[in-house]
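What follows is calculated from the coordinates using simple rules that are stated; it is not laboratory data. Note that the structure is a prediction, hence the values are computed from the model and not measured. Quick reminder, even Gly has a Cβ in these numbers, built from the backbone with ideal geometry, and neighbours come from all protein chains shown.
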Amino acid sequence: MSAELARAALLDATLAHLRALVSFDTRNPPREIGTGGIFDYLSEHLPGFQVKVEDHGAGAVTLYAVRGKPKYLFNVHLDTVPDSPHWSRDPHELLVTEDRAIGLGACDIKGAAAALLAVANASQGDLALLLSTDEEANDPRCIAAFLKEGHSYDAIIVAEPTRGEAVLAHRGIHSVQMRFQGQAGHASGEQRPSDNALHQAMRWGAAALDYVERQAHERFGGLTGLRFNIGRVEGGIKANVIAPTADVRFGFRPLPSMNPDQLLEAFRTLVELHPVEFAELFRGVSLPAGDTATAETRRLAARDVADELGIPVGNAVNFWTESALFSAGGYISFVYGPGDIAQAHTADEWVALDQLQQYAETIYEIVNRGSA
């Protein structure tokens, strides 16, 4: 078979698997994902692999498949976000056009899983896969369970839409819920700063925005400053009633060089009247994980692996991935996959065919030269 025909066959196989994977409903929420369905399909199409499927509850399922003695592990999440009402067609039916494949999860990130299946069937080389279903849940049970098992790999390569480049660094992500307490009363009288919970929340918001602006000079690996967002404010009764409570939900995305615990304490104590409740709801560490020196050492080690495997190195990104969990677990890890993050989570989500092909060919070359 000529090289051109081989390339076409690899893309055709990738699209056939992607059509099947997109047809399975793995939306998260509602987290109604079990050990059958998509996992039956995956197991059936992994010949010669030792396959283990585990249910970790709440729609968190992993498939760990190993053939031979690979040096690297490829991780892909199979869960998707819910489809929006703006889809122009059935999101679980793949549509392939001249230059793209359109379907729920095609970009984020079932396209990578389909390419890995195609490579697994087109080669006999050593290969290890960890496929999971809880990445979109902010409840990383799958990776936590895997890390407890103590597997040995030189590096773990996590598939997310990176336009076919290795991403060595990204921000962390933290979500916080807090409450301010006041005292209900008639709004016609003079108010003390502590009376109105919504006034307290607004003072805190102004102080938080000023604090974030002061972090603009901080840098790491091409990223600058602290990303911050107040996502939800609730409280009060009506315009002439002093608000007795105010709930604020906010998130921030630090650089790998920033200490998240120090940031949390800074946000908690920004104003004199501290919130009466302050709880971190989710924490996703930065990539690479560790203090500044450790993070830089891990970043350089990941670059060496990417160079060895012939994967071009791209810029650091602002979005979070589970690669950070592997890094925090002590592994060298980076992010690499087909697709553009701009297409992820959108209506009529799509992945470019040339990026699918490039990813599949790169993985095929890695597996065939015995370094996977």
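In nanometres, what is the gap between the two model label sites at residue 90 and residue 265, each 7 Å from Cα along Cα-to-Cβ?
With each label point 7 Å from Cα toward Cβ, the separation is 5.6 nm.
Lysines near residue 69 by alpha-carbon distance under 28 Å, same-chain residues fewer than 8 away left out - which ones?
Excluding near neighbours in sequence, the set is 52, 110, 148.
How far is helix 292-309 tilted, in degrees, relative to the longest principal axis of the Cα atoms in the chain, given as a value from 0 to 90 rounded to the nearest 10?
Around 20 degrees separate the two axes.
Got a sec? How would 116, 147, 255 order by Cβ neighbour count within 10 Å, fewest to most?
Result, fewest neighbours first: 147, 255, 116.
For residue 50 and residue 224, what is the calculated FRET efficiency with R₀ set at 51 Å and r taken between the beta-carbons, to the nearest 0.05?
E(calc), rounded to 0.05, equals 0.70.
Could you compute the FRET efficiency for residue 177 and residue 12, with r as their C-beta to C-beta distance and R0 at 45 Å, rounded to 0.05?
Rounded to the nearest 0.05, the efficiency is 0.40.
Provide the net charge surrounding residue 92, with neighbours chosen by a C-beta distance below 12 Å and charges set as Lys +1, Arg +1, Asp -1, Glu -1.
That works out to -1.
What's the angle, to the nearest 10 degrees (0 to 90), between helix 197-213's Cα axis and the longest principal axis of the chain?
Between helix and principal axis, roughly 50 degrees.
Would you mind pulling out the separation of the Cα centroids of segment 248-304 and segment 76-113, in Å?
Here the two parts' Cα centres lie 32 Å apart.
Working out 0.36 nm times the residue gap between residue 23 and residue 148, then minus their Cα-Cα distance, what length gain in nm do you get to one decimal?
Using 0.36 nm per residue and subtracting the Cα-Cα distance, I get 41.8 nm.
Give me the extension gain from residue 313 to residue 233: residue separation times 0.36 nm, minus the current Cα-Cα distance, reported in nm with one decimal.
Full extension of this stretch gives 24.8 nm more.
Going by alpha carbons, how many degrees (0 to 90, nearest 10) lie between the helix axis of 353-368 and the longest principal axis of the chain?
Value to nearest ten degrees: 60.
What order do you get for 76-88, 162-174, 313-325 when each peptide is scored by the mean count of other beta carbon atoms within 10 Å, highest first?
162-174, 313-325, 76-88
Treating only the Cβ atoms of Lys and Arg (+1) and Asp and Glu (-1) as charged, compute the dipole magnitude of segment 89-238 about its Cα centre; round to the nearest 20 debye.
660
Please give every one of the aspartates and glutamates within straight-line cross-link reach of residue 71, meaning a C-alpha to C-alpha distance under 13 Å, and leave out same-chain neighbours fewer than 8 residues apart.
Here the aspartates and glutamates satisfying the reach criterion relative to residue 71 are 126, 154, 308.
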